[in-house]
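Here's the structure we're looking at; comments come further down.
Every read-out reported here was derived from the displayed coordinates using simple, explicitly stated rules and does not represent laboratory data. The structure presented is a predicted model; accordingly, all values stated were derived computationally and were not measured. Because the Cβ atoms are built from the backbone with ideal geometry, glycine has one as well, and the counts that use them run over all protein chains shown.
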Amino acid sequence: MYNVKSRDSNEFIDDIEVLLSIAEAKEIVKQKTEIDRILTKARECKGLSHKEVAVLLEIDDDETLNKMYQIAREIKEKIYGKRIVLFAPLYLSNYCVNNCQYCGYKCSNKIGRHKLTQEELREEVRALEAMGHKRLLLEAGEDDKNCPIDYILECIQTIYNEQFDNGAIRRVNVDIAATTVENYRKLKDAKIGTYILFQETYHKPTYLGLHSGPKRNYEWHTEAMDRAMQGGIDDVGIGSLYGLYDYHYETVAMMMHAEHLEAAYGVGPHTISFPRLLPAEGIDYDRFPLVKDRDFKKVVAAMRLAVPYTGMIVSTREGIDFRKELLEIGMSQMSAGSCVGVGGYAEREIVNETGVEEKPQFYLADHRKPAEVIKWLVRDGYIPSYCTACYRQGRTGDRFMPLAKSGQIGNYCLPNALLTFEEYLQDYADDEFQDIGRKLIDDEILNVPDEKQKVTALDYLNRIRSGERDLRF
C-alpha cells in the first residue's frame, strides 16, 4: 500500500513499509561499507531516505556513533551556523474533550480548568515580552465549545496588537488540534508562522489504544498537515512524542511523513520537534516504553543527517546537561523559561469551582529563566536568536526550502540572529552581560558570508545601538 504521494495516511505511513525498513536495517547495519556510504551521503547535505535512517538507528558501537554525531554537528553548523532560535509556549486553555492516556489535560483528570480572557492574555504577553521573547507558540486543549477557532483567532489578534517600549511579539506559531481546511485558511489569514502538530505515535494500534474522543481519529490527525497545506499554510512542523511506542518505528514513520510532504507539496516540514514523555498529573508514567538518553541522542543525530534543511526543536522537557548534548548534534531551536500551564507567566493561580488547582500539562525538566538560558548559550559559543525575519519577508514554504537546502540561509540567519541578540542586550541585559554579548556580536558579524550583506549588517548593528529596532534581512 505504500505510496509517498498519497494523501491517505494509511498509504504514506504504511505499517508494512515501516516494519520492513526496520527488519532490513538490522541486516544492512552489519555491512560497514553501507554505513560508510550512508554517512558520506549525509555529509554532503543530500539528505537520507527513511530506509537509511532505519539503518542509522541500528548502530550501536561508540566509534561509529561518534562519527555520526560529528557529521550531524557539521551539517547543522553548515546550514544554520551557531545560532539557536529561542521561543516560549503560551497556553491559552486547558479545557479538553479528549482522554489521552499520557496527558495531564485529559478530560478525566479533576484539575482546575480555565481559558485566558483577553485581558489575562495581555498580562501573559507582557510577562513574556519582559523576558525578551519575540516568538510564541500557542497551545490549547481540544474543546470546540470552550476553545473554538474564533477564540484562537481573537487571541492571535490580541497578541499582535500588543505594543511595548521594546517592540512587540513578532511571530505567533500555533499548536492546536487537527482541524478543517477552512480553519487552516483562517489561521493563515491571521498571519501565523508555523502550524505545529505532534503525531504522538505513528503506530496506529497504539494510537487508537491511547486516545478517546475526537482525537482518536487516526486518519484525521495524521492528515492534518495535508489540510494545512491545502489551506495555504506552507510552514508546518511535525513531531512524535517519544515514549509511547518503539522509537525505531516512530522515527522511520516520522521520516516517511517528511518524505510525503516533500513529494506531495514540494515542501518538507519547516520544523521537527522531539518531545519525550514526562510525568504528568494522573498518568501511570511507568507503563510506557520510555526512550533512554543514548537511544534518543541517536534519533536526533539520525534525523539531522536525514533532513539537514529542517529546524529541529528541543524543549524544556530535557534536562540542562542533556539539552547541551543535543544542541551539539543538531538542534537549532529551543524553548526557554517555559510554563506549561494556563496563566503561568503572570503567576496566576487557577482553581476550579470546587477549589481544585490547575495542574501543568506535564512536569518540566529545565526550569531556568530565559536570561539564564541565554547566558548559558553564549558561554558555550552559541548565538541566541529571536529572529522572525523569514516569516515576515516571505521566505516560507517553497521559498525557504531552496535557501536552506543550499546553505544560503546562513546569509540571513547569522546577521538576523546577531541583530536580534543586540536588541536583547540593549533592552533586557545587565551591564556585565552586555559587554560579553557585544564582544560575541562584534566577532561573529565579521563571519557573515556575503560581503554586501556584511556591510549592511554592520550598518544595521550601529543603527540598533543608536536606538532603532526590528532591522532585518
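Annotations
- Figure legend. Inter-residue proximity from the stretch 159-172: first residues in contact (Cβ under 8 Å) with a residue 40 or more places away in the chain and assigned to a strand (DSSP E or B), second residues of a type in the set (D, E) and surrounded by 15 or more Cβ atoms within 10 Å (Cβ to Cβ), beta-carbon distance below 9 Å, spacing 6+ or different chains. Indicated pairs: G167/E129; G167/E423; G167/D427; G167/D470.
- Filtering the stretch 105-114 for residues that are buried (at least 19 other Cβ atoms within 10 Å of the Cβ) and in contact with a Leu (Cβ under 9 Å, 6 or more places away or on another chain) leaves an empty set.
- Tally of residues being touching a Gly at 6+ places or on another chain (Cβ under 8 Å) and β-branched (V, I, T) across the stretch 47-83: 2
- Candidate set: the stretch 132-158, residues that are surrounded by fewer than 18 Cβ atoms within 10 Å (Cβ to Cβ) and part of a loop (DSSP other than H, G, I, E, B); chosen: the one farthest from the chain's Cα centre (by Cα): K145
Here is a yes/no grid of residues against (1) free of Cβ contacts under 8 Å to residues at least 60 places away in the same chain; (2) among the basic types (K, R); (3) outside any helix (DSSP H, G or I):
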residue	(1), (2), (3)
G282	no, no, yes
L290	yes, no, yes
K297	no, yes, no
A301	no, no, no
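- Enumeration of residues in the stretch 163-220 that are buried (at least 16 other Cβ atoms within 10 Å of the Cβ), among the acidic types (D, E) and farther than 21 Å from D234 by Cβ: E200
- Search result, residues across the stretch 365-414 that are touching a Lys or Arg at 6+ places or on another chain (Cβ under 7 Å) and within 30 Å of I111 (Cα to Cα): A365, D366
- Looking only at the stretch 225-244, and only at residues there that are of a type in the set (G, A, S) and over 16 Å from F400 (Cβ atoms), the one that is nearest to the chain's Cα centre (by Cα): G239
- Scanning the stretch 173-196 for residues that are outside any helix (DSSP H, G or I) and either more than 24 Å from V97 (Cβ to Cβ) or of a type in the set (D, E) (or both) yields D175, K191, G193, T194.
- Flag set for S6, criterion: small (G, A, S) and outside any helix (DSSP H, G or I).
- Restricting the stretch 212-242 to residues that are assigned to a loop (DSSP other than H, G, I, E, B) and either free of Cβ contacts under 8 Å to residues at least 40 places away in the same chain or touching a strand residue (DSSP E or B) at 6+ places or on another chain (Cβ under 8 Å) (or both) leaves a set whose member that is farthest from V174 (Cα to Cα) is N217.
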